[in-house]
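Written below as structure tokens is the structure these notes are about.
Quick note: the coordinates plus some simple rules give every number you see, no bench work behind them. None of the values given here were measured: they were computed from a predicted structure. Positions of Cβ are generated from backbone atoms using ideal geometry, with glycine treated the same way; all protein chains shown enter the neighbour counts.
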């Protein structure tokens with residue numbers, strides 16, 4: 001069995017769906033029931049909360065936290081933390097409305 005060095009650890013919880021062509025950086029944590037759609041690029045030190053959807057072609061820069069029950073729209077560039085229960089999209093990614 002091969003071990004992963006501590007410098008590149010990442011955590012993916014249960015029931016996560018990662019589509020083709022995605023990249024996930026070091027020290028990233030992905031909560032349960034998250035969907036990451038094709039072509040998403042997630043940098044290192046990113047936290048993604050449970051029940052969150054990351055759209056096609058989204059880019060998330062290093063050190064970002066995305067909340068629980070949040071939707072990030074296709075093609076967005078996430079440069080700031082996104083809270084729980086919102087729908088956000090754009091370049092740069094902005095909160096559009098609540099997702100409750």
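Taking the conditions exactly as written (surrounded by fewer than 21 Cβ atoms within 10 Å (Cβ to Cβ), within 16 Å of residue 30 (Cβ to Cβ) and within 10 Å of the chain's Cα centre (by Cα)), does residue 67 satisfy them or not?
Answer is yes for this residue.
Looking only at the stretch 87-100, which residues are closer than 21 Å to residue 45 by Cβ and surrounded by 16 or more Cβ atoms within 10 Å (Cβ to Cβ)?
If the condition is that a residue be closer than 21 Å to residue 45 by Cβ and surrounded by 16 or more Cβ atoms within 10 Å (Cβ to Cβ), then 88, 93 are the ones that fit.
Of the conditions (1) surrounded by 13 or more Cβ atoms within 10 Å (Cβ to Cβ); (2) free of Cβ contacts under 8 Å to residues at least 12 places away in the same chain, residue 18 satisfies every one except a single condition; which number is it?
Unmet for residue 18, out of (1) surrounded by 13 or more Cβ atoms within 10 Å (Cβ to Cβ); (2) free of Cβ contacts under 8 Å to residues at least 12 places away in the same chain: (2).
Exactly one condition in (1) surrounded by 16 or more Cβ atoms within 10 Å (Cβ to Cβ); (2) assigned to a loop (DSSP other than H, G, I, E, B) is false for residue 74; which is it?
Checking residue 74 against (1) surrounded by 16 or more Cβ atoms within 10 Å (Cβ to Cβ); (2) assigned to a loop (DSSP other than H, G, I, E, B), the one that fails is (1).
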